[in-house]
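Peer 1: Next up is a structure, given as structure tokens.
The values are calculated or read from the model by the stated rules, or taken from the named source; none is laboratory data. Remember, it's a predicted structure, so these values are computed and weren't measured experimentally. Note that each Cβ is placed from the backbone with ideal geometry, even for glycine, and that neighbours are counted across all protein chains shown.
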Amino acid sequence: MTDARDTDLHLADPGEALRRAGVVYADYQSAKPVDPRVVAAMLPYLTEKFGNAASLHGVGDVATEALEEARGRVAALFGADPREIVFTGGATEASNLAIVGYALRNKRKGDHVIISEAEHISVLNIAKFLEKQGFRVTRAPIDLHGRVSPKKLRARISDETILVSLQWASSEIGTVQPIAEIAELLDGTGIALHSDAVAAEGLVPIDTSVVPVSLLSLSSNDIYGPRGLGVLYVRQGVQVAPVLLGGGQERGLRSGSEDLASIVGMAAAADIMAAEMPAEVERLRAIRDKLVERVLAEIPDSHLNGHPEQRLPNNAHFRFHGVEGEAMVLSLRDAGIAASTGSACSSKTLEPSHTLISCGLLHEEAHGSLEFTFGRWSEMEDVDRIMAALPGVIARLRALSPLYKTHAPATS
Amino acid sequence: MKSTQYTEKTLEHFRDPRNVGTLEGPNVAVGRVGNPVCGDMMDIYIEVVDDHIKDIKFQTFGCGSAVATSSMITELVMGMSLDDALKVSRGDVADALEGLPPIKMHCSNLAADALHEAIKNWREGVGPEDAKKTPGGTACHPIPAVVAEVEIQRLDEYDGKGLYRAVADLGDLADQRVVVLDTGDDAARLAMDLTEHTGRVVLMTTGKEPSVSPAVRSALRLSDVKVLAEAQPLELLGEGELERIRVHDLNEDEEYELTADAFVVLE
């Protein structure tokens, strides 16, 4: 029988695989490839060092050591103490633990929670659940660029407020929120600040030793680690009640035997990100800026959504007058380009993106949105490939549209 | 099932739609359904000779199935008598496309409704320009018969806190989301002037078009002002200052909230 260690396991480079498939992938915000270096780090923990950290024998001890060492490396990326890292089954689960867990544990202090109008649908739905449990939830509005105003947030704070949940940045329109400012505002008030930081990971610095957030939802896949694993950062002194019960792993906060291979993977991803982030961010920003420059110059009646400067370096979110989002994405799919949209027809609920509506866009503008997000294997020539197809896609759909005729071209 | 799990037939009609365009002339009627708020809007033009559909064209704003169903229906009814065309249903179109995802059956099958609307307009002598002007036609929801004069709730509460009855200094509204209520030429001119100070100016009118003179109408078309038609403001909302306007969409007979920092209602 072949010794598994002698097998040459070939891991495809994601960029090469996409090129061979003829796909330009510009939807990194929805899923990222796992870095092959991360996969290599994970493999021994699937077949060799497979133990359960709770076991008292040698195999278990190897697992415990690997688990705690990985925890430390993940903590380091976010400026945290290892004791502040709780591994979960993804960022959505982390948000459940943060918001529901914090509210239930601290309800004797109050029953009011504030979120923003720009939150990811997962946070909106978790907040709806809290309302059904008798909590009062207020949504702080955003400005035309999708940014929460600290002033408007402060106006909504009451004596019963126990928690504010505000994204670090929008995964949709790319706007970065004034988290540091709001963390300062809340510091010392006894009100906890939770931030869904998934969209910002690996793109803007997230340092809990500098920004006094209480809770952070983090995802492994968003730093090119394996999907299905996340982290809840819980600042020392902050108490949450568990939402997943069982054998008491993760200090009782998240029961279930740890996904050791994935955790080791996330640690490897964290090490890589710590080393490569500054250069990667600049490279992505250049690709994104080139796309934005070309789209706004070459396609009439196109606009950039989100904040022009305070935005994630990899995000380009546009709206095009007179055309609908799903139709654009389908047409681009035919051209081998993967992008996404916030249009109603493309969502499960047939409602347009609530973030775009809260920015003040009219429904018809929200339907015409198209989002491109770049990542580790994106290349500058992806912009050329996109621009070889996009103007034609928009022109074809505008020729079909009864709306575009009635609108005279805006003077550029 | 994903919304985009379309059959090959549907994708074929999306990629290569038949009979795209408009028609003109004395024998032409048009049916318009849906509206941009809904995310789907279709115009179907028919040329009728001897009570038969001699030619048919469509224009659609909407998703993959909206385009495909419009295209398919023009293929199905070309040459049919009007009575036979009236019998073609939403289900027939979906079957001809070899099935549509369940979530797409509703809004996206407005193509059949648009065709029936065109035939109805033909028989009632409603010309294309008028057909496109009257609010409604078959929308996702029934339309109100009469739009009464509606008072805007809590208007005075926001005086000085987002509600403006006059704008002394346009710079006050820099970078704000401004909604100007259509009260005539002055309001439209103010809206256009405001585009120098902010990127978001919406001119809200209850009519199909703002009630302005032809010269102002032309200037408006070339400006950056966004016209929001068939919208009735109902109430102002916000925590201590204006943040949203509750609006009644007269076409779909639905209410929604429009985010705004300033609302200008000139005396």
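Peer 1: If you go through the stretch A:256-264 one residue at a time, do you hit one that is hydroxyl-bearing (Ser, Thr, Tyr) and within 27 Å of residue A:50 (Cα to Cα)?
Peer 2: Scanning the stretch A:256-264 turns up at least one residue that is hydroxyl-bearing (Ser, Thr, Tyr) and within 27 Å of residue A:50 (Cα to Cα).
Peer 1: Run residue B:216 past the list (1) within 10 Å of chain A (Cβ to nearest Cβ); (2) aliphatic (A, V, I, L, M); (3) touching a helix residue (DSSP H, G or I) at 6+ places or on another chain (Cβ under 7 Å) and report the number of the one that doesn't hold.
Peer 2: It fails just one condition, (1).
Peer 1: May I pose another question? Quickly run through the stretch A:23-41 and pick out the residues that are β-branched (Val, Ile, Thr) and within 20 Å of residue A:291 (Cα to Cα).
Peer 2: Hits for the stretch A:23-41 are A:23, A:24.
Peer 1: Looking for something surrounded by fewer than 19 Cβ atoms within 10 Å (Cβ to Cβ), closer than 25 Å to residue A:117 by Cα, small (Gly, Ala, Ser) and facing chain A (nearest Cβ under 10 Å) - is there at least one such residue anywhere in the stretch B:181-199?
Peer 2: So far as the stretch B:181-199 goes, yes, one or more of its residues are surrounded by fewer than 19 Cβ atoms within 10 Å (Cβ to Cβ), closer than 25 Å to residue A:117 by Cα, small (Gly, Ala, Ser) and facing chain A (nearest Cβ under 10 Å).
Peer 1: Please determine whether any residue of the stretch B:114-134 is modelled with pLDDT under 95 and at the interface with another protein chain (Cβ under 10 Å from one of its Cβ atoms).
Peer 2: Within the stretch B:114-134 (the criterion being modelled with pLDDT under 95 and at the interface with another protein chain (Cβ under 10 Å from one of its Cβ atoms)), the answer is yes, since at least one residue qualifies.
Peer 1: Kindly establish whether residue A:309 is free of Cβ contacts under 8 Å to residues at least 24 places away in the same chain and either in a loop (DSSP other than H, G, I, E, B) or within 19 Å of the chain's Cα centre (by Cα) (or both).
Peer 2: So residue A:309 fits the description; yes.
Peer 1: Just for the stretch A:146-160: of the residues that are of a type outside the set (Gly, Ala, Ser) and at the interface with chain B (Cβ under 9 Å from one of its Cβ atoms), which one is surrounded by the fewest Cβ atoms within 10 Å (Cβ to Cβ)?
Peer 2: Among them, the one singled out is A:156.
Peer 1: For residue B:167, only one of the following conditions fails: (1) surrounded by 21 or more Cβ atoms within 10 Å (Cβ to Cβ); (2) more than 14 Å from every other protein chain (Cβ to nearest Cβ); (3) assigned to a loop (DSSP other than H, G, I, E, B). What is its number?
Peer 2: All conditions pass for residue B:167, except number (1).
Peer 1: Shifting gears a bit: Confirm whether residue B:49 is at pLDDT 95 or above, surrounded by fewer than 18 Cβ atoms within 10 Å (Cβ to Cβ) and more than 12 Å from chain A (Cβ to nearest Cβ).
Peer 2: Answer is yes for this residue.
Peer 1: Sticking with this structure for a sec: Tell me which residues, restricted to the stretch B:170-197, are within 19 Å of residue B:230 (Cα to Cα) and in a loop (DSSP other than H, G, I, E, B).
Peer 2: Hits for the stretch B:170-197 are B:182, B:183, B:184.
Peer 1: Kindly indicate whether any position in the stretch A:365-380 is facing another protein chain (nearest Cβ under 8 Å) and over 21 Å from the mean Cα position of the chain (by Cα).
Peer 2: Yes, the stretch A:365-380 has at least one match.
Conditions (1) within 20 Å of residue A:113 (Cβ to Cβ); (2) buried (at least 24 other Cβ atoms within 10 Å of the Cβ); (3) charged (D, E, K, R), marked per residue:
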| site | (1), (2), (3) |
| --- | --- |
| A:170 | yes, yes, no |
| A:180 | no, no, no |
| A:199 | no, yes, no |
| A:205 | no, no, no |
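Peer 1: State all residues of the stretch A:97-140 that are within 14 Å of chain B (Cβ to nearest Cβ), more than 13 Å from residue A:162 (Cα to Cα) and either crowded, with 24+ Cβ neighbours inside 10 Å or free of Cβ contacts under 8 Å to residues at least 60 places away in the same chain (or both); if no residue qualifies, say none.
Peer 2: The answer is A:116, A:118, A:139, A:140.
Peer 1: Can you tell me which residues in the stretch B:211-263 are buried (at least 21 other Cβ atoms within 10 Å of the Cβ), within 20 Å of residue A:153 (Cα to Cα) and of a type in the set (Asp, Glu)?
Peer 2: B:243, B:261
Peer 1: Any idea how many residues of the stretch A:231-248 are in contact (Cβ under 8 Å) with a residue 24 or more places away in the chain and not in a strand (DSSP E or B)?
Peer 2: 10
Peer 1: Within the stretch B:5-22, can one find any residue that is more than 27 Å from residue B:102 (Cβ to Cβ), at pLDDT 95 or above and more than 13 Å from chain A (Cβ to nearest Cβ)?
Peer 2: Within the stretch B:5-22, not a single residue is more than 27 Å from residue B:102 (Cβ to Cβ), at pLDDT 95 or above and more than 13 Å from chain A (Cβ to nearest Cβ).
Peer 1: So how many residues does the stretch A:53-86 have that are in a loop (DSSP other than H, G, I, E, B), surrounded by fewer than 18 Cβ atoms within 10 Å (Cβ to Cβ) and modelled with pLDDT of 95 or more?
Peer 2: 2
Peer 1: Still on this structure, please answer the following. Is there any pair linking a residue in the stretch A:316-333 that is more than 12 Å from chain B (Cβ to nearest Cβ) and in contact (Cβ under 8 Å) with a residue 60 or more places away in the chain to one that is outside any helix (DSSP H, G or I) and not hydrophobic (A, V, I, L, M, F, W, C), with Cβ under 7 Å and at least six apart or on different chains, and which?
Peer 2: Partner pairs satisfying both residue conditions: A:317/A:172; A:317/A:174; A:317/A:305; A:317/A:306; A:317/A:369; A:317/A:371.
Peer 1: Same structure again: Does residue A:388 satisfy the criteria of being at pLDDT below 95 and surrounded by fewer than 20 Cβ atoms within 10 Å (Cβ to Cβ)?
Peer 2: Criteria not met by residue A:388.
Peer 1: Give me a count of the residues in the stretch B:229-267 that are facing chain A (nearest Cβ under 10 Å), small (Gly, Ala, Ser), within 24 Å of residue B:217 (Cα to Cα) and touching a residue at least 60 places away in the same chain (Cβ under 8 Å).
Peer 2: Residues in the stretch B:229-267 being facing chain A (nearest Cβ under 10 Å), small (Gly, Ala, Ser), within 24 Å of residue B:217 (Cα to Cα) and touching a residue at least 60 places away in the same chain (Cβ under 8 Å): 1 in total.
Peer 1: Cβ-Cβ under 6 Å, sequence separation 6+ or interchain: first residue in the stretch B:152-172 and of a type outside the set (Asp, Glu), partner loosely packed, with under 13 Cβ neighbours inside 10 Å and not in a helix (DSSP H, G or I). Which pairs?
Peer 2: Pairs that qualify, where the first residue is of a type outside the set (Asp, Glu) and the partner is loosely packed, with under 13 Cβ neighbours inside 10 Å and not in a helix (DSSP H, G or I), are B:165/B:267.
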